[in-house]
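See structure below.
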């Protein structure tokens, strides 16, 4: 059963933004200040720039493969099921940890008003979010939009009012622990940008993902970076350094300085809004990972069950909520470091996935958004993330290594024999070594994803191409031999003598050459039989001489039709013409590895439908 496409650009923006602006702003600055001093806002800026390198890769992969499970799906289709299982479980864990962190935040701020055990408050709120997400992604998203705009409004007031109370002396001891502490702290606060994974993980439920995913994620990250840097700068400038280093409510404490009790309550409410949006988006996004693993038979089918009424993965949502409740028992700093470490690894794997799939030169890899400055952005991202991992702390690396091994063991003992998905790395090795390692099932899967993504409704042209013969001629031949091969093949389909077909083809060619360029020819004939239209696609890498103007034709599109199909003749010619006008058509046609890939080039070519 498929998930419903119900989310638009505003939904994607609010899911990404709401998932990012939360604990990273309302709790983390105090802890992070103790690690780097007044330069903390620079750490947030650096972390944001690093998030851009991962985001660009995720957007490209997300627009090419808008499927539930986000980074898990990309990694599995590029590096295989073993790495994909590890990544899927780790990302699920990371988003759940970040959401649990948000639950702690909600409970902490709520405890200021209601004197109840913090963990009980967090558990109760977690159950509420699980129920909300069970009733449908659109309902959860509507709730998200309202809260995100309330949050943005409060932060605007805080920033524009607080700028008048900033004290320059608070920045005098800018980096007491050295410049390197700014970079290591960037790794620590990187979890603040983890919400980007939430947006890409629900890509399958986004309408028009080719536009809404890139616009929503880019806009969300830009807005988040601006608010983080501005709000943290104000907080450092307003609040005394010693007090900030000990504060678990730094924004609220800073608001108290220049707005009194009203400011503390005002920003406390904003913090609750922020934590609610993160936890809500986290339940929504994290639950898609076990569902995606289940679809690929890497986890039991139970995790992939979708509610008939609400079209939500109900068991995966309940499991995610239960896990979030369990991790509330963890130490806060360990929680943050582990979540940040896993997020850094997920971003690295996304970047590596992009490099592999690009270099594998898959014909049906058709992202609607391409990461700019490839591969320089990706190289910068990998090196930067490696540096952050080295400096993030030994304890979190040990925990992450343990989680890696756990993911691998789950794959080894459960998923290894149940999943034999083809992946892009095999295509890359095949391309380098010229050895046959694949059956091109990945190309077929990518083709189906494009049809679903672009909501392509098949027409008669698609049916004709799907039923057509496809020939790949390696040796050099002349036009007469080409017509002989075409006639022999088509005679069996049309139940017409091959000699008659040869005569018709030669006669048509004498009237005027059917070569429309030096690369493309469209030989076509009309037969007396009624209601017949058949096509054949031919590639001849060594070229065929058609005329003085077309001496090296490599793409031949043959069709035979009845007089009664004259209108469709014109539609077919127009469709082929549009497909062939694509900028890289000639290169794709020559590079196509199989006859099925040649067929897909025509089927997935851009044309009016």
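The values are calculated or read from the model by the stated rules, or taken from the named source; none is laboratory data. The structure displayed is predicted, hence computed values, not measured ones. Reconstructed Cβ throughout: ideal geometry from the backbone, glycine too, with neighbour counts over all protein chains shown.
List of remarks:
- For segment 561-609, filtering for residues that are modelled with pLDDT of 90 or more, in contact with a helix residue (DSSP H, G or I) (Cβ under 9 Å, 6 or more places away or on another chain) and over 25 Å from residue 457 (Cβ atoms) leaves 2.
- For first residues located in segment 338-362 and assigned by TED's automatic domain parsing to the domain that holds residue 187, partners that are part of a loop (DSSP other than H, G, I, E, B) and lie 6+ apart or on another chain with Cβ distances below 7 Å form the pairs 339/194; 340/392; 341/392; 343/194; 354/371; 355/375; 357/365; 358/374.
- Within the option set 160, 73, being farther than 30 Å from residue 412 by Cβ and modelled with pLDDT of 85 or more holds for one residue only, 160.
- One residue alone among 219, 226, 197 is under 25 Å from residue 14 (Cα atoms), part of a helix (DSSP H, G or I), in the same structural domain as residue 16 (by TED's automatic domain parsing) and without any contact (Cβ under 8 Å) to a residue 60 or more places away in the chain, and that residue is 226.
- The single condition among (1) surrounded by 15 or more Cβ atoms within 10 Å (Cβ to Cβ); (2) in a helix (DSSP H, G or I); (3) in contact (Cβ under 8 Å) with a residue 60 or more places away in the chain that residue 395 does not satisfy is (1).
- Some residue of segment 432-448 being part of a helix (DSSP H, G or I), under 28 Å from residue 553 (Cβ atoms) and touching a helix residue (DSSP H, G or I) at 6+ places or on another chain (Cβ under 8 Å): yes
- Residue among 425, 404, 483 that is under 23 Å from residue 298 (Cα atoms), crowded, with 18+ Cβ neighbours inside 10 Å and in contact with a helix residue (DSSP H, G or I) (Cβ under 7 Å, 6 or more places away or on another chain): 425
- Test: residue in segment 110-123 that is under 32 Å from the mean Cα position of the chain (by Cα), surrounded by fewer than 19 Cβ atoms within 10 Å (Cβ to Cβ) and either modelled with pLDDT under 75 or assigned to a helix (DSSP H, G or I) (or both): yes
- Residue-level analysis places residue 188 among those that are crowded, with 24+ Cβ neighbours inside 10 Å and farther than 12 Å from residue 14 by Cα.
- Considering 186, 102, the condition of being closer than 14 Å to residue 278 by Cα and assigned by TED's automatic domain parsing to the domain that holds residue 282 is satisfied by 102 alone.
- Residue match in segment 175-190 (condition: within 14 Å of the chain's Cα centre (by Cα), assigned to a helix (DSSP H, G or I) and at pLDDT below 90): no
- Checked against the criteria, residue 494 counts as within 21 Å of residue 528 (Cα to Cα), assigned by TED's automatic domain parsing to the domain that holds residue 550 and surrounded by 15 or more Cβ atoms within 10 Å (Cβ to Cβ).
- Residue 160 vs. criteria free of Cβ contacts under 8 Å to residues at least 40 places away in the same chain and either part of a helix (DSSP H, G or I) or within 27 Å of residue 233 (Cβ to Cβ) (or both): yes
- Test: residue in segment 460-473 that is farther than 16 Å from residue 600 by Cα, touching a strand residue (DSSP E or B) at 6+ places or on another chain (Cβ under 6 Å) and not in a loop (DSSP other than H, G, I, E, B): yes
- So residue 202, is it in contact with a strand residue (DSSP E or B) (Cβ under 9 Å, 6 or more places away or on another chain), closer than 30 Å to residue 452 by Cβ and in contact (Cβ under 8 Å) with a residue 60 or more places away in the chain: yes
- Per the listing 65, 55, the residue uniquely over 26 Å from residue 154 (Cβ atoms) and surrounded by 24 or more Cβ atoms within 10 Å (Cβ to Cβ) is 65.
- Residue 267 under 34 Å from the mean Cα position of the chain (by Cα), buried (at least 24 other Cβ atoms within 10 Å of the Cβ) and either on the phi < 0 side of the Ramachandran plot or modelled with pLDDT of 90 or more (or both): yes
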